[in-house]
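*Asks:* Dumping the structure here so I can ask a few things about it.
The values are calculated or read from the model by the stated rules, or taken from the named source; none is laboratory data. Every value quoted in this text rests on a predicted model; they were computed, and no experiment measured them. Note that we place each Cβ from the backbone using ideal geometry, even for glycine, and neighbour counts take in every protein chain shown. Keep in mind that these areas ignore ligands, DNA and RNA; they rest on the heavy atoms of the full protein, side chains included. Shrake-Rupley method; radii C 1.70, N 1.55, O 1.52, S 1.80 Å.
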Amino acid sequence: MGALRLTLVRHLAGAAAGLVALYVLTTSVGPYRDLQIAQAAYLTCAVAGLTVLTGLGGQISLGHGAFMAVGAYTAALVSAHWGWPLAAMLAAAAVVTALAGVLVGAVAARLQGPYLAGATLAFAVGLPGLANYSHLTGLLGGQNGLTVTPPVPPAALGETFPLERWQAWIACLGAVVTLFLLANLTGGRFGRTLRAGRDDEIAAALCGLRVARLRIAATVVSAACAGLAGGLLAVVATLAAPGAFPLTLSLQLIAAVIIGGLGTLPGAVWGALILVFVPSWASDAASSSGLSHDVASNLPLAIYGLVLIAVTLAFPRGLQGGLRGIGGAARRRLPPSVRRFAPGGGAPGVPATHRGGADEPTTDQASVPDPEGAGGRDDDGGGGAGGRGERLRR
């Protein structure tokens, strides 16, 4: 219990520090940057949920843009027909999308590899098109979508308080809460069982884990995060329309997971920041380059692609994995008496927790039982279910 309490306190401290940093950042920039911060915040929710499904669960999903559409339309419908408050509207978006995740997860549990990718790809392509279906046009607004009433800042903030800053605060709060909940969820038994099923499905089944149920649970959690992201998108953009959820959105979310760091929650933040700010920086560079219109219009896409390629080549395990590698190299250069107290250096009395990439072992994985009972490994160090159980214990 002491280790769990220490982990919870550390996550609470991190969430509080993140909120303070975001408050300082949003109050020091203009309305345009506030909107960009809000966009990065709700994309962080979606990327973090996809990190749990793909990075920890090993399930490829190309349909998270469709989950965001479900959340956005749910928020818009709840706001228009029942006038629910903002918190209830976002909660409804997450719950309804989680229910959709149950249906998709039940199908995904029976599929693997390219078959799963194809099924989720069809989901991403087909679902937003329902808004143009003749029998649903009156409900979903067709191609024009549904408008969402902008959230009104509290009167205590003053009459001149910028709406963009208030929207950024809402989105940032949603992102911090999502990361806090996912950090506690994946750092416990749920995260350990997900990694066990991802690393060796047969060994996990021999240990008594129900792999199909784990995959469905991971899909539900990931879908709820994407639904919250869609609800926040509707609040920030004040619109839920099918054009906001193209197939490229789902592909960008997958790219953000890989570039930020597969299986790491801090990597989800890095990936969302890249999705938002790299294209903006590329567009600014193209507009100020003085090149012809034809070249300048295609330059942002080229710069964006080059940046993604460079990051992938420089940090094969993502930005978070690269930063951890740099930090580990720096710690190894410290004297032994100082190294043990450095961040991540294993200070006495502080248990290690999962902060690294998807393939990094954790100390609490030792609670996964060996499929052969006490079973060790063969004399040559490999082979059989006992060897797999030993790998899970490590």
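*Asks:* Please go through segment 99-196 and write out the chymotrypsin sites (Phe, Trp or Tyr not before Pro) that DSSP classes as loop and that have at most 12 other C-beta atoms within 10 Å.
*Replies:* On the way: sites: 115, 123, 133, 166, 169, 180, 190; in loops: 133.
Here the chymotrypsin sites (Phe, Trp or Tyr not before Pro) that fit, given the DSSP loop and packing criteria, are 133.
*Asks:* So what's the gap between the Cα centers of segment 173-208 and segment 214-259, to the nearest angstrom?
*Replies:* Centre-to-centre distance over Cα atoms comes out at 20 Å.
*Asks:* Whole number in Å², please: accessible area per residue of segment 198-243, 1.4 Å probe, ligands, DNA and RNA not counted. Please report the intermediate quantities before stating the final value.
*Replies:* Working: 1590 Å² over 46 residues.
With all protein chains present, segment 198-243 gives 34 Å² per residue.
*Asks:* Further question on the same structure: In whole percent, and with a 1.4 Å probe on the protein chains, what portion of the accessible area of segment 94-180 is carbon and sulfur? All intermediate terms of the calculation are to be shown ahead of the outcome.
*Replies:* Numbers: 3340 of 4830 Å².
That fraction is 69 percent.
*Asks:* Residue 239's amide H: which non-local residues (gap 5+, or another chain) put their own amide H closer than 5 Å, with H modeled 1.01 Å from N in plane and none for Pro or chain starts?
*Replies:* Sorted by chain and number, the residues that satisfy this are 148.
*Asks:* Tell me, what ³J(HN,Hα) does each residue in segment 169-183 have, in order and in whole Hz, if you take phi through Karplus 6.51 cos²θ - 1.76 cosθ + 1.60 with θ = phi - 60° and put x for Gly and Pro?
*Replies:* Ordered by residue, 3J(HN,Hα) equals 5, 4, 5, 5, 4, x, 5, 5, 5, 4, 5, 5, 5, 5, 4 Hz.
*Asks:* Find the centroid of the Cα atoms in segment 76-93 and in segment 282-327, then give the distance between the two in whole Å.
*Replies:* Cα centroid of segment 76-93 versus Cα centroid of segment 282-327: 38 Å apart.
*Asks:* Can you work out the PRE-style zone for residue 149? Point 7 Å along Cα to Cβ, and I want the residues of segment 76-99 with backbone N under 14 Å.
*Replies:* Counting backbone N atoms under 14 Å from the label point, the list is 76-89.
*Asks:* What is the sum of charges around residue 104, taking Lys and Arg as +1, Asp and Glu as -1, for the other residues whose C-beta is under 15 Å from the C-beta of residue 104? Walk me through the intermediate numbers first.
*Replies:* On the way: positive: 110, 213, 215; negative: none.
Cβ neighbours under 15 Å give a net charge of +3.
*Asks:* Compare the peptides 87-94, 194-201, 148-155, 232-239 by average per-residue count of other Cβ atoms within 10 angstrom and give them in order, highest first.
*Replies:* On the way: 87-94: 21.0, 194-201: 22.5, 148-155: 14.0, 232-239: 24.4.
Highest-to-lowest ranking by the protection proxy: 232-239, 194-201, 87-94, 148-155.
*Asks:* Turning to a different aspect of this structure: State whether segment 14-246 is rounded, prolate or oblate according to the following rule on the C-alpha gyration tensor (a ≥ b ≥ c being the square roots of its eigenvalues): a/c under 1.5 gives rounded; otherwise a/b larger than b/c gives prolate, and the remaining case gives oblate. The partial results should precede the final answer.
*Replies:* Working: a/c = 2.46, a/b = 1.38, b/c = 1.78.
Oblate is the answer for segment 14-246, as a/c is 1.5 or above yet b/c matches or exceeds a/b.
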